[in-house]
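A.B. asks: Take a look at the following structure, please.
The values are calculated or read from the model by the stated rules, or taken from the named source; none is laboratory data. Just so it is clear, the model here is predicted, and its values are computed rather than measured. Cβ placement follows ideal geometry from the backbone for every residue including glycine, while neighbour counts extend to all protein chains displayed. What goes into the accessible areas is simple: the full protein's heavy atoms, side chains included, and nothing from ligands, DNA or RNA. Shrake-Rupley method; radii C 1.70, N 1.55, O 1.52, S 1.80 Å.
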Amino acid sequence: MCLFCPTPSVAPSSPWSARRAFLLAAGAAAATPVMAQVDVGSSSSLRKLVPAETLENSAAQQYRQMLEQARAKRALAPDNHPQLQRLHAIAKRLIPFTTPWNDRAKQWRWEVNLIGSQQINAFCMPGGKIAFYTGILDQLKLTDDEAAMIMGHEMAHALREHARERIAKTQGTNLALRLGSQLLGLGDLGQAAAGLGGQLLTLQFSRSDESEADLVGLELAARGGYQPSAAVSLWQKMGNATGSKQGGLAFLSTHPSGPARIKELEQNVPKVQGLYEAARRNG
């Protein structure tokens, strides 16, 4: 089973002052690949134009910078924070089912951190770097099942390499046109991936990307033993939050809710219901 290795901790100077995360050991066992119950097709081959390792290294650097900024503001949750422990427990149940979606996930050192902010937001950067803001948990009053759907959705963006594909489409298409029939060199795209700065935190995905992440995240959560119908109630809450003026709606600016999204999830919930029931039986 998965082995999680906490990062070495130091005595915090305040309740929100020390970095806290957990890591999935690179050699830990992954779930046995099985046929997916949701249909999202194949990943775009364009993503191969961007070196995955370069992008993941850039993401890890940006993630560390984000944590440093949160620590400086005393906004980084310590290990014993109940909400962070809750997120760790959810991630521990989902991560074993990620490898069938992306073999690179075996090498990722997954991290989950919680940042104190009224902002309604959560994300997973390339390489498995996850962050939740307290606002999304508290203002939406998320159940564990609903929080698992968000985490699964964000994991899916990383597993399907949507950021890598988005960079390839925006940077690589122009490069390909310039080079014509010549072999594509990766130097320019590698530089683009490495030099994104903070853009990975605000990268906007396409409607197709969002649909894929919804469905892959739904299946990940179901396999982890979380109620599939929570995906529907989650996005209903998201839709209701659109009219709220409390806190920032950063998550909703990049993950718009709507009847079409909810309808697609409702159509796919029965496909993964059996996975959820089997997970619950197996404890």
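A.B. asks: Counting only residues that are among the hydrophobic types (A, V, I, L, M, F, W, C) and out of contact with any Leu (no Cβ under 9 Å at 6 or more places or on another chain), which one in the stretch 81-96 is least open to solvent (accessible area, probe 1.4 Å)?
C.D. replies: 90
Yes/no matrix, rows are residues, columns are (1) out of contact with any Cys (no Cβ under 7 Å at 6 or more places or on another chain); (2) free of Cβ contacts under 8 Å to residues at least 40 places away in the same chain; (3) surrounded by fewer than 23 Cβ atoms within 10 Å (Cβ to Cβ); (4) closer than 15 Å to residue 217 by Cβ:
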| residue | (1), (2), (3), (4) |
| --- | --- |
| 79 | yes, no, yes, no |
| 98 | yes, no, no, yes |
| 102 | yes, no, yes, yes |
| 105 | yes, no, yes, yes |
| 126 | yes, no, no, no |
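A.B. asks: Another question, then. With the requirement that a residue be in a helix (DSSP H, G or I) and over 19 Å from residue 87 (Cβ atoms), what does the stretch 221-232 give you?
C.D. replies: 232
A.B. asks: Hey, could you check the stretch 267-281 for residues that are within 20 Å of residue 92 (Cα to Cα) and without any contact (Cβ under 8 Å) to a residue 12 or more places away in the chain and say which is least open to solvent (accessible area, probe 1.4 Å)?
C.D. replies: This residue is 278.
A.B. asks: Mind checking whether some residue in the stretch 148-162 is surrounded by 21 or more Cβ atoms within 10 Å (Cβ to Cβ), among the acidic types (Asp, Glu) and outside any strand (DSSP E or B)? Reasoning before the result, please.
C.D. replies: Here is the first cut: in the stretch 148-162, the residues surrounded by 21 or more Cβ atoms within 10 Å (Cβ to Cβ) are 148-162.
Subset that is among the acidic types (Asp, Glu): 154, 161.
So of that shortlist, the ones also outside any strand (DSSP E or B) come out as 154, 161.
Among the residues of the stretch 148-162, at least one is surrounded by 21 or more Cβ atoms within 10 Å (Cβ to Cβ), among the acidic types (Asp, Glu) and outside any strand (DSSP E or B), which makes the answer yes.
A.B. asks: Residues that are on the phi < 0 side of the Ramachandran plot and of a type in the set (Asp, Glu), at least 1 per element: which strands (runs of 3 or more DSSP E) completely within the stretch 82-137 meet that? Working first, answer last.
C.D. replies: On the way: elements: 111-115, 122-125, 129-133.
Where strands (runs of 3 or more DSSP E) fall fully within the stretch 82-137 and carry at least 1 residues being on the phi < 0 side of the Ramachandran plot and of a type in the set (Asp, Glu), they are 111-115.
A.B. asks: Out of curiosity, is residue 177 open to solvent by 20 Å² or more (accessible area, probe 1.4 Å), at pLDDT below 80 and not in a helix (DSSP H, G or I)? I'd like the intermediate steps shown before the answer.
C.D. replies: Working: open to solvent by 20 Å² or more (accessible area, probe 1.4 Å): yes; at pLDDT below 80: yes; not in a helix (DSSP H, G or I): no.
Taking the combined requirement at face value, the residue does not satisfy it.
A.B. asks: Same structure, new question: Please indicate, with yes or no, whether at least one residue in the stretch 234-245 is closer than 23 Å to residue 121 by Cβ, modelled with pLDDT under 75, β-branched (Val, Ile, Thr) and part of a loop (DSSP other than H, G, I, E, B). Outline the logic, then answer.
C.D. replies: Filtering the stretch 234-245 for residues closer than 23 Å to residue 121 by Cβ gives 234-245.
Right, trim to modelled with pLDDT under 75 and you get 242-245.
Going one step further and asking which of them are β-branched (Val, Ile, Thr), we end up with 242.
After this cut, where a residue has to be part of a loop (DSSP other than H, G, I, E, B) as well, the list is 242.
Among the residues of the stretch 234-245, at least one is closer than 23 Å to residue 121 by Cβ, modelled with pLDDT under 75, β-branched (Val, Ile, Thr) and part of a loop (DSSP other than H, G, I, E, B), which makes the answer yes.
A.B. asks: Taking the criterion of being modelled with pLDDT of 65 or more, of a type in the set (Phe, Trp, Tyr) and within 28 Å of residue 62 (Cβ to Cβ), would at least one residue in the stretch 202-217 satisfy it?
C.D. replies: yes
A.B. asks: If I ask for residues that are surrounded by 13 or more Cβ atoms within 10 Å (Cβ to Cβ), among the small types (Gly, Ala, Ser) and more than 16 Å from the chain's Cα centre (by Cα), which ones from the stretch 59-75 would you list?
C.D. replies: 70, 75
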